[in-house]
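The values are calculated or read from the model by the stated rules, or taken from the named source; none is laboratory data. Note that the structure is a prediction, hence the values are computed from the model and not measured. Counting neighbours? That spans all protein chains shown, and the Cβs are built from the backbone with ideal geometry, glycine included.
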Amino acid sequence: MTSISFGDENSGFQVGVNHGPVYLPADQPESRPEPLWTVPFSHDPDFVSRDEILNQIHENSSIPGSRTVLVGLGGESPDTWVFWVHASNAARCEESLRDLADRAKIPGRQDRNANIFQLFANWLQDRKIGKWILVFDNVDDDKLLRTPLGIRIEAQTNTQSYDAQSYVSTWPLLKYLLETSSGSIIITSRTKAVVLEIASYQKHLIAI
């Protein structure tokens, strides 16, 4: 590198062209966040406890890999993750999971083509994250449980912009649920017939 002077008030530098590789610093790994609570409702001071139902939920959820279904009309522990997913349809379910992935800093979530259902299910299998409860709320659509979900894929065009979208078929939501063997899952629904297959035992189906 050489210095060039243009008088008392002007100066500059001449830099050669580097034809070798340029190395950027590696991305720093994100620190794992503390367990969080994502239920989108504030505490109800007029809540009336139904101890029998709460005891059933607690008993079922204490078993790793359990799935508890609450069927009826619509109306925190510091060391436990509590995830709340709007599951009335596939689009809302995907949106909820992507939001949860951001809040939990799940690795791989920035990939525009990532299968968020598979990514989230794989992350839940990691015992390092500790205890968790996953609530799927308003699972009333039979197709959501038995029809392959469409995952949005953003195709890269020649201009390197992500402005084209397509969809690929994946497993039904039920498949992802059954493949998750750790933690506990609670599902709410207004329709018993839709979720009956999820409750592996009749005692895991609670009418409210």
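Answer yes or no: is there a residue in the stretch 69-87 that is crowded, with 20+ Cβ neighbours inside 10 Å, closer than 25 Å to Pro148 by Cβ, modelled with pLDDT of 90 or more and touching a Cys at 6+ places or on another chain (Cβ under 7 Å).
Looking through the stretch 69-87, at least one residue is crowded, with 20+ Cβ neighbours inside 10 Å, closer than 25 Å to Pro148 by Cβ, modelled with pLDDT of 90 or more and touching a Cys at 6+ places or on another chain (Cβ under 7 Å).
Could you check Arg152 against (1) at pLDDT below 70; (2) under 27 Å from Ser62 (Cβ atoms) and say which number it fails?
Failing condition for Arg152: (2).
Consider the stretch 176-206. How many of its residues are surrounded by fewer than 16 Cβ atoms within 10 Å (Cβ to Cβ) and modelled with pLDDT of 75 or more?
Residues flagged as surrounded by fewer than 16 Cβ atoms within 10 Å (Cβ to Cβ) and modelled with pLDDT of 75 or more within the stretch 176-206 amount to 5.
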